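Q: The following block contains the structure, expressed as structure tokens.
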Amino acid sequence: MRAHLLAARLAGPVATSREASLRSYRLFAARDPRVLLGLDPERDWGAGDLLALMADRCGVSADPRHTTGPDVIDPDRTLAGLDAFAGRLAAVAERRAPVLLGTGHPHRLLGFYAALADALSAAGCAVLTPAEGISVDITTRFGLRTYNLAYVRRVALVCEGGGRSPSCATGAHTHSPLPVRTVLAGAAEAGGPLPELVIGDHGWVCGAGQLGIEAIGLADTDDPALFVGEAEGRVSVAVPLDDAVRSSYYRPLTRYVLNRACLSR
């Protein structure tokens, strides 16, 4: 697995630039909601604090003078994160507890999460799909956009264009926590169960963790919110890896995680 992480550039030198990572740390320090992803940090995190945290959790260079070029993720930290991630899957499967899976990176990560949904369902977990079709207004760099919540292979995502349009086959990219808040509110209003574990990325993880629901997910070097959430105890596991490589490159991770969680069929 370590060799695959490096060969696929899921870890090691990754496509995410150092410039993008440092910019995210500065924006997070300024409490910009675009990079908070729904998290309300308990402490004041300066850009230097965030760089030190990301060096510890991801393996990026801790040298503030390193400002250009590709960023780096330590593959051993990725493996440790995947092992911890698998441990949380095993625990929720043992309890047969309800789960929710959602992604802001559906073009890349839908297959990864869908395989987890299938395995957890086979283990007796209820894979929740509340609030399907509900509209969510999200502020983007292009202005306010209306998206609809949808489930593809029992993984929550948002779609443009309303309803089951062709765009729903893959969904839209988003960092917003509003989708998970809407889904959880819909589950509560319907009197159905709330998830005991939320699995995903971006706002799905931070938004759920901020509301006190256990959350685990994947995060790149320019997504400090998940690692801050982990450091402050509101995200159970944040796995450092490039979250935007080819979707097929995540298949070995699926097998690895399910084998570690004893959920392979």
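Rule-based calculations on the coordinates, nothing more; no lab input. Remember, predicted model here, so these are calculated numbers, not experimental data. Cβ sites come from the backbone with ideal geometry, for glycine too, and all protein chains shown count toward neighbours.
Q: Which of the peptides 204-213, 4-13, 92-101 is most tightly packed, and how do the rest follow, judged by the mean count of other Cβ atoms within 10 Å per residue?
A: 204-213, 92-101, 4-13
Q: Now for a different question. Return SER17, SER236 ranked ascending by Cβ neighbour count within 10 Å, so the fewest neighbours appear first.
A: Fewest-to-most Cβ neighbours within 10 Å comes out as SER17, SER236.
Q: Shifting gears a bit: Any idea what the relative contact order of the stretch 1-72 is, in percent, if you count C-alpha pairs under 8 Å spaced at least 6 apart?
A: Rounded, it is 42 percent for the stretch 1-72.
Q: Right, here's the next one. Can you list the HN-Hα couplings for the stretch 196-206, worked out from phi with the Karplus curve (6.51, -1.76, 1.60; θ = phi - 60°), rounded to whole Hz and with x for Gly and Pro?
A: 3J(HN,Hα) across the stretch 196-206, in whole Hz: 8, 8, 10, 10, x, 7, 6, x, 4, 7, 5.
Q: Along the Cα→Cβ direction, 7 angstrom out, place labels at SER248 and ALA84. What is the inter-label distance in nm?
A: In this crude label model, SER248 to ALA84 measures out at 3.2 nm.
Q: Right, here's the next one. Pulled fully out, how much extra length does the chain show between LEU6 and SER121, if you take 0.36 nm times their separation in residues and subtract their Cα-Cα distance?
A: Length difference between fully extended and current span is 38.3 nm.
Q: If I model a spin label as a point 7 Å beyond the Cα along the Cα-Cβ vector, how far apart are those points for ALA55 and SER264 in nm?
A: Placing both labels 7 Å along Cα→Cβ, they lie 3.8 nm apart.
Q: Next question, about the same structure. Calculate the FRET efficiency for GLU19 and ALA91 from the Cβ-Cβ distance with a Förster distance of 41 Å, rounded to the nearest 0.05. Could you put the intermediate results ahead of the total?
A: Working: r = 38 Å, r/R0 = 0.94.
Computed FRET efficiency for GLU19 and ALA91: 0.60.
Q: Around VAL239, which amide H atoms from residues at least 5 apart in sequence, or from another chain, sit under 5 Å from its own amide H, with H modelled in the peptide plane?
A: So VAL239 has HN proximity to GLY217, LEU218, ALA219.
Q: Could you run the Karplus curve 6.51 cos²θ - 1.76 cosθ + 1.60 with θ = phi - 60° over the stretch 92-99 and give me ³J(HN,Hα) per residue in whole Hz, x for Gly and Pro?
A: With the stated coefficients, the stretch 92-99 comes to 6, 5, 4, 7, 6, 8, x, 10 Hz.
Q: What is the set of long-range amide H partners of LEU101 at a cut-off below 5 Å, with H atoms built 1.01 Å from backbone N?
A: The list, which skips near neighbours in sequence, is LEU128, ALA156, ILE199.
Q: Counting other beta carbons within 10 Å of each residue's own, what order do MET1, MET54 fall into, fewest first?
A: Sorted ascending by nearby Cβ count, the order is MET1, MET54.
Q: Next question, about the same structure. Below 8 Å, C-alpha to C-alpha, sequence gap of six or more: please give me the relative contact order for the stretch 79-260 in percent.
A: Relative contact order here is 25 percent.
Q: Can you give the alpha-carbon Rg of the stretch 79-124 over 2.2 N^0.38 Å, where N counts its residues? Spell out each step's value before the answer.
A: Details: Rg = 11.1 Å, N = 46, 2.2 N^0.38 = 9.4 Å.
Output field value: 1.18.
Q: Using modelled backbone amide H atoms (1.01 Å from N, in-plane), which distant-in-sequence or interchain residues come within less than 5 Å of GLY12's amide H?
A: ILE73, ASP74
Q: Using +1 on the beta carbon of Lys and Arg, -1 on that of Asp and Glu, and nothing else charged, what's the dipole of the chain about the Cα centre, debye to 20?
A: With only Lys, Arg, Asp and Glu charged at Cβ, the dipole is about 720 debye.
Q: Using just the helices of the chain, give the 222 nm mean residue ellipticity in deg cm²/dmol: DSSP H runs with n ≥ 4 each add -39,500 (n - 2.57), and the total is spread over all residues, rounded to 500.
A: Details: 10 runs with 110 residues, N = 265.
Result for the chain: -12500 deg cm²/dmol, rounded to the nearest 500.
Q: Summing +1 for each Lys or Arg and -1 for each Asp or Glu, what net charge is found among the other residues whose Cβ lies under 10 Å from the Cβ of LEU258?
A: On the way: positive: ARG255, ARG260, ARG265; negative: ASP118.
Overall, the nearby charge balance is +2.
Q: Please provide three numbers in whole Å: the alpha-carbon extents of the stretch 107-218 along the principal axes, with the largest listed first.
A: For the stretch 107-218, the Cα extents along the three principal axes come out at 40, 27, 26 Å.
Q: Ok, one more. Quantify how much of the Cα-Cα distance distribution of the chain extends past 25 Å, in percent.
A: The proportion of pairs with Cα distances above 25 Å equals 40 percent.
Q: Over all alpha-carbon pairs in the stretch 1-135, figure out the percentage whose distance exceeds 21 Å.
A: Here the long-distance tail beyond 21 Å is 58 percent of all Cα pairs in the stretch 1-135.
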